[in-house]
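> Below is the structure I would like to discuss, written out as structure tokens.
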Protein chains: 2
Amino acid sequence: MPEQLYTDWAIQAYLDKLAGSDPEPGGGSVAALTGALGAGLVTMVTALTLGKEKYAAVQDDMAWLRNEAEQLRADLAGFVSADAEAYAKVAAAMKMPRGTDTEKAERSTVLQAALRGAADVPLKVAEAALAVARLSQPAAEKGNTNAVSDAGVAVLLADASAQAAALNVKINLAWIEDAAFKTETWSRIESILEETGRLRDLVLALTYDKI
Amino acid sequence: MPEQLYTDWAIQAYLDKLAGSDPEPGGGSVAALTGALGAGLVTMVTALTLGKEKYAAVQDDMAWLRNEAEQLRADLAGFVSADAEAYAKVAAAMKMPRGTDTEKAERSTVLQAALRGAADVPLKVAEAALAVARLSQPAAEKGNTNAVSDAGVAVLLADASAQAAALNVKINLAWIEDAAFKTETWSRIESILEETGRLRDLVLALTYDKI
């Protein structure tokens, strides 16, 4: 676990730690960062549209869009470190002794709880990434045309973030024993990926039409 | 243009500037960062495989993979700021006077050169992202199975990076007058996107098979 939030680290330092032999930060943390970058691009489109007379008719839409995107950006930025922390709990549980039956049972209880926590963070990342993908559509449709490519990049990042988060949900589910939890969680992920994929195609087509 | 390289900025500060009303950094810079994160994940897979007896047979492959990924990570990290600098040159050329025919001609010459530069950076990003996508395949196939999801995230980011870079090539090409340059550049982008899309499907399938 980092001594400070990863979002306070320099980009280069984060990249260097990512590339190192420590398993965290890994794909789960990066999934969250990718989503936060997408949310930041949606906000940027609103920032380039708000206060512009040419876009007077969409000022209320843009103000709403900005608030939504900024909340998602804050949530996703928080998950950049939260994912690493959830991983650390799993790693700690793995190291618990399993010499006796009591120790085995205790380790299993703690590990199963840690795995649920580690699956929950990327699930939340995927939900937030889907929300970013949804916001990219009005950003591309109604935002400043000069910034439409930024709305297009936002949907690409939102989809990649959801897909990356899904892989990180899957690796934790693989070790979870509660079959109902596994089925329910994966079913939610599948519906998220279906919608982010649909939005990616739709918003990319909108974007290319306007460039 | 930033006073220091964006990669020396804290992640949160970069996200905040991205979300602001300054058009840079925008989607082009983020495309490069996304690719650098993908390259970092490929390196991480090699770091978790090198020196492990279980993976003795693939040590040479991993050493090669590591060198390639680290070069691409350095290149892509450099493009995070280079994209913003190329944009600044276009913005400066746009502000040149066009009162007389001489001024118009001079502005046009400078602007066309700046636009080529601004199209060239995301083209290089797309080329590097394709190279990262190619490396993610041996990372998923031969790397430490415990890190296979990181190889999967790498290909997702490489594909999103190439797609995002393509949008940024397109917006600059829209204003370039040299028809041959436009056709040639876009044709290269189309073949890059075809291959990154193919690799995304292939490496994701490989990854899900191993989780």
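> Chains A and B: buried accessible surface, both sides, probe 1.4 Å, rounded to 100 Å²? Intermediate results must be reported in sequence, preceding the final value.
Values: alone 11040 and 11020 Å², together 17590 Å².
Accessible area lost upon association: around 4500 Å².
> Right, something else. Compute a Gaussian network model of chain B, connecting alpha carbons closer than 10 Å, and tell me which residue from B:193, B:72, B:18 fluctuates the most.
B:18
> Kindly write out, for the range A:109-119 in residue order, the coupling ³J(HN,Hα) from the Karplus curve 6.51 cos²θ - 1.76 cosθ + 1.60 (θ = phi - 60°), rounded to whole Hz, with x marking Gly and Pro.
Taking θ as phi minus 60°, the curve returns 4, 5, 5, 4, 5, 5, 5, 4, x, 6, 7 Hz for the range A:109-119.
> For chain B, modelled as a Gaussian network with Cα springs under 10 Å, which listed residue fluctuates most, B:58, B:155, B:125?
B:58
> Give the chain A residue with the shortest beta-carbon distance to the rotation axis relating chain A to chain B, plus that distance as a whole number of Å.
Output: A:160, 2.
> To continue, here is another question. Given a cut-off of under 8 Å on Cα pairs at least six residues apart, what relative contact order in percent is computed for the range A:74-146? Please list the in-between numbers first.
Values: 32 pairs, mean separation 25.9, N = 73.
That works out to 35 percent.
> Once the label point is placed 7 Å from Cα along Cβ, list for residue A:21 the distances to the corresponding points in the other copies, in nm, shortest first.
The answer, with the shortest distance listed first, is 5.1 nm.
> Moving on. Which values, in whole Å and largest first, are the semi-axes of the equivalent ellipsoid of the protein assembly as shown obtained as the square root of 5 times each eigenvalue of the Cα gyration tensor?
Square roots of five times the eigenvalues give 39, 23, 18 Å.
> Looking at chain A as a GNM with Cα springs under 10 Å, which of A:161, A:136, A:187 has the largest mean-square fluctuation?
A:187
> Please compute the average number of Cβ atoms from other chains found within 10 Å of each residue's Cβ in peptide B:45-51. If you can, show how the numbers build up before the last one.
On the way: counts 3, 2, 6, 5, 1, 1, 1.
Mean shielding by partner chains, rounded to a whole number: 3.
> If you don't mind, another one. If you line up the long axis of helix B:59-94 against the longest principal axis of chain B, both from Cα atoms, how many degrees apart are they, to the nearest 10?
For B:59-94 against chain B, the angle is about 20 degrees.
> Also, quick follow-up: Run the accessible area of the protein assembly as shown with a 1.4 Å probe and give the carbon-and-sulfur part as a rounded percent.
Details: 9220 of 17590 Å².
It is 52 percent, rounded to a whole number.
> Mean separation of Cα pairs under 8 Å and 6+ residues apart, divided by the residue count of chain A: what relative contact order is that in percent? Could you put the intermediate results ahead of the total?
Details: 301 pairs, mean separation 57.8, N = 211.
Relative contact order comes out at 27 percent.
> A follow-up question, please. Can you pull the mean other chain C-beta count within 10 Å for peptide B:168-178?
On the way: counts 5, 1, 5, 9, 2, 1, 1, 0, 0, 0, 0.
Partner-chain Cβ atoms within 10 Å, mean over residues of B:168-178: 2.
> Taking residue B:54 as the anchor, which aspartates and glutamates have their alpha carbon closer than 15 Å to its alpha carbon, excluding any fewer than eight residues away along the same chain?
Excluding near neighbours in sequence, the set is B:141.
> Ok, one more. Angle, helix B:148-173 long axis vs. longest principal axis of chain B, Cα atoms, 0 to 90°, nearest 10?
On a 0 to 90 degree scale, this one is about 10.
> Whole angstrom only: what separates the Cα centroid of the range B:176-211 from the Cα centroid of the range B:70-149?
16 Å
> If you don't mind, there's one more thing I want to ask. Working from Cα positions, state the angle (0 to 90°, nearest 10) between the long axis of helix B:179-210 and the longest principal axis of chain B.
The angle comes out near 20 degrees.
> Once the label point is set 7 Å along the Cα-to-beta-carbon vector, what list of distances in nm do you get between residue B:102 and its counterparts in the other copies?
Spelled out, the distances from residue B:102's label point are 9.6 nm.
> A follow-up question, please. In a Debye calculation with equal point scatterers on the alpha-carbon sites of the range B:31-131 and no solvent, what is log10 I(q)/I(0) at q = 0.12, 0.13 Å⁻¹?
For the requested q values the scattering log ratios are -0.54, -0.59.
> Averaged across A:67-73, how many Cβ atoms of other chains sit within 10 Å of each residue's Cβ atom? Working shown, then result.
Values: counts 0, 0, 1, 1, 0, 0, 4.
That works out to 1 on average.
> Follow-up question, since we're still on this one. Label-point separation (nm) for residue B:202 and residue B:13, each offset 7 Å from Cα along Cα-to-Cβ?
My value for the distance between the label points is 4.1 nm.
> Along its principal axes, what span do the Cα atoms of the range A:132-191 show, with the longest given first and each in whole Å?
Taking the Cα atoms of the range A:132-191, the three principal extents are 50, 15, 10 Å.
> Still on this model: Evaluate Rg over Rh across the range A:1-87, taking Cα atoms for both radii and Kirkwood's formula for Rh. Can you show the working numbers first?
Working: Rg = 16.2 Å, Rh = 14.2 Å.
The Rg/Rh ratio comes out at 1.14.
> With only alpha-carbon atoms counted, please give the Rg and Dmax of chain B, in Å.
Over chain B's Cα set, Rg and Dmax evaluate to 19.4, 73 Å.
> Quick check for you: with a 1.4 Å probe and neighbouring chains kept, what is the accessible area per residue of the range B:40-198, in Å²?
Numbers: 6940 Å² over 159 residues.
Here the per-residue accessible area is 44 Å².
> If the label for residue A:178 sits 7 angstrom from Cα along the Cα-to-Cβ line, what are its distances to the same label in every other copy, in nm to one decimal, shortest first?
Ordered by distance, the counterparts are at 6.2 nm.
> Can I ask one more? Pairs A:17/B:124; A:17/B:170; A:52/B:17; A:142/A:182; B:89/B:124: which are spaced more than 29 Å apart, C-alpha to C-alpha? Each step should come with its number before you reach the end.
Working: A:17/B:124 25 Å; A:17/B:170 34 Å; A:52/B:17 20 Å; A:142/A:182 39 Å; B:89/B:124 18 Å.
Exceeds cut-off: A:17/B:170; A:142/A:182.
> Next question, about the same structure. At 1.567 mPa s and 4 °C, plugging the Kirkwood radius over alpha-carbon pairs of the range A:81-174 into Stokes-Einstein gives what diffusion coefficient in µm²/s? Don't skip to the answer; put the middle values down first.
On the way: Rh = 15.2 Å.
Diffusion coefficient, whole number: 85 µm²/s.
The values are calculated or read from the model by the stated rules, or taken from the named source; none is laboratory data. What you see is a predicted model, and the numbers here were worked out from it, not measured in a lab. Every residue, glycine among them, receives a Cβ derived from its backbone with ideal geometry; neighbour counts consider all protein chains shown. Each accessible area value is taken on the protein alone, full model and side chains, heavy atoms only, with ligands, DNA and RNA left out. Shrake-Rupley method; radii C 1.70, N 1.55, O 1.52, S 1.80 Å.
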